[in-house]
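Below you'll find the structure, written out as structure tokens, and then a few comments.
Please treat every number below as a calculation from the coordinates, not as lab data. Only a predicted model underlies this, so the values are computations on that prediction, with no experimental measurement involved. Note that we place each Cβ from the backbone using ideal geometry, even for glycine, and neighbour counts take in every protein chain shown.
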Amino acid sequence: MREQIAQLAARLIAEDGIDDWGLAKKKAARTLGLIEAHCLPTNAELEAALLEYQRIFDEDGQREELHWLRSQALDLMDLFERFQPHLVGPVLSGAIGRYPTIHLHLFTEDEKAIEWFLLKEAIPYDPSQRRVFIAGAASTVPCFELNVEGTDVHLLQFIGADRHQPVRLTPEGRPMARAGRASLAAKLDETAAPEPMRIER
């Protein structure tokens with residue numbers, strides 16, 4: 001049953017553009033006539049279902065979009081280089097939905113440094129906050145929401161020491177995978193268009 005919910009939730013994310021995975025899981029469960037919370041799949045199970053959905057139904061289109069998003073993320077990491085940027089979330093894992101968001105973790109000891117940088121560079125942003133769990137403890141961190149060439153970008157601000165601590169979205173969730181610039185640059189090869197087959201004449 002968890003697998004069925006994950007498969008339907010993956011379709012809702014891919015086709016309907018639902019970017020809230022919790023909402024997608026609950027909507028899928030209701031569609032299947034289920035209300036018990038224990039039946040809901042984990043984010044890891046949903047991620048696997050979404051990757052499988054993309055592999056079956058839109059592998060080429062998904063690869064092309066993912067390559068473009070990762071290229072955008074790489075440019076952003078160059079822009080915010082002084083804040084030790086790391087990519088997290090769907091653009092890193094490849095489990096992107098219809099309207100993906102680029103998520104970057106930035107690190108600084110100066111709580112105003114990122115905001116001042118955005119103002120100096122005349123980059124429009126909306127300030128908000130996100131609740132995360134750092135090394136098991138709940139924490140609220142600043143978030144700066146941007147839109148770059150039609151793509152939503154969320155910058156989460158952490159102190160430098162948090163770079164070495166596991167960050168989770170829920171207390172029981174798995175630690176978020178992070179990729180620095182070098183790792184992301186290597187991943188671009190995974191989504192590059194395959195070279196056409198050469199036929200010897």
Through the Karplus equation 6.51 cos²θ - 1.76 cosθ + 1.60, θ set to phi - 60°, convert the phi angles of region 9-17 into ³J(HN,Hα) values in whole Hz; use x for Gly and Pro. 4, 4, 5, 5, 5, 6, 9, 9, x
Give me the log10 of I(q) over I(0) for the chain at q = 0.08, 0.18 Å⁻¹, as the Debye formula computes it from C-alpha points; what are the numbers? -0.30, -1.31
Given points 7 Å out from each Cα along the Cα-Cβ axis, report the ASP110 to GLU149 separation in nanometres with one decimal. 2.9 nm
From fewest to most C-beta neighbours within 10 Å, the residues HIS67, HIS103 line up as HIS67, HIS103
Quick calc: nm separation of the 7 Å Cα→Cβ label points for ASP58 and TYR125 -> 3.0 nm
Ignoring everything except DSSP H segments at least 4 long, calculate the 222 nm mean residue ellipticity for the chain; use -39,500 (n - 2.57) per segment, divide by total residues, nearest 500. -12000 deg cm²/dmol
At R0 = 30 Å, FRET efficiency that the Cβ-Cβ distance of ASP78 and ARG174 yields, to 0.05: 0.55
